[in-house]
Amino acid sequence: MIRTMARLIVLLLFVVGAAAPSSVGLAQSEDVSAENEERARQLFQAGDEHYANGRYEDALAAFEESYALSGHALLLFNMANAQERMGLYDGAISSLERYLPDAEEGETSRIETRLESLRARAERVRDMTSTPDPVEAPPEEQKCVA
């Protein structure tokens, strides 16, 4: 439900942003052209469709390009979702940390809890994939041949 709500919020912000980009106080620079904003909206919609269909790599690529064009902070949240689904926990952590300053007050504690969980998962993956230090093998016992 949170994922669906976040997707709807981002879509709504894109629609409102196109109608009145300077009046909604979105995290976008004034030099974002209407053309870039439209392209960013198209990329978000494509990313949202990819995400809904389990094509997380395609979704991430679309969200990243949309963010590069528009600077909408909520896209960082979407990027984190796709990265998490792909098992890219460090990337998801980075995206959420970048999103956190723009999160709404009521959302901050949930994001921080999610970050803690992601950090723990990333650490478990690192522990599972790290190669242990080689242990010196004991000398082989010599076989006596009689």
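Read the figures in this text as sums done on the coordinates, not as results from a lab. Given the structure is predicted, the values throughout are model-derived calculations rather than measurements. Heads up, the Cβs are rebuilt from the backbone with ideal geometry, glycines too, and the neighbour counts pull from every protein chain shown.
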Pairwise label distance in nanometres, Gln45 with Ala68, each label 7 Å out on the Cα-Cβ vector: 2.2 nm
Region 74-85 - phi-based ³J(HN,Hα) in whole Hz, Karplus 6.51/-1.76/1.60, Gly and Pro as x: 4, 5, 4, 5, 5, 4, 4, 4, 5, 4, 4, 4
Under the Karplus relation 6.51 cos²θ - 1.76 cosθ + 1.60, θ = phi - 60°, what is the ordered set of whole-Hz ³J(HN,Hα) values for region 44-52, x standing for Gly and Pro? 4, 4, 5, x, 4, 5, 4, 4, 4
What is the distance, in nm, between label points placed 7 Å from the Cα along the Cα-to-Cβ direction at Asp58 and at Glu112? 3.9 nm
Among rounded, prolate and oblate, which fits region 66-120 when a ≥ b ≥ c are the square roots of the eigenvalues of its C-alpha gyration tensor, a/c under 1.5 means rounded, and a/b larger than b/c means prolate? oblate
Label-point separation, Arg119 to Ala34 (7 Å along Cα→Cβ), nm: 4.6 nm
Expected unfolding gain across Ser130-Asp102 under the 0.36 nm per residue rule, minus the alpha-carbon gap, is 6.6 nm
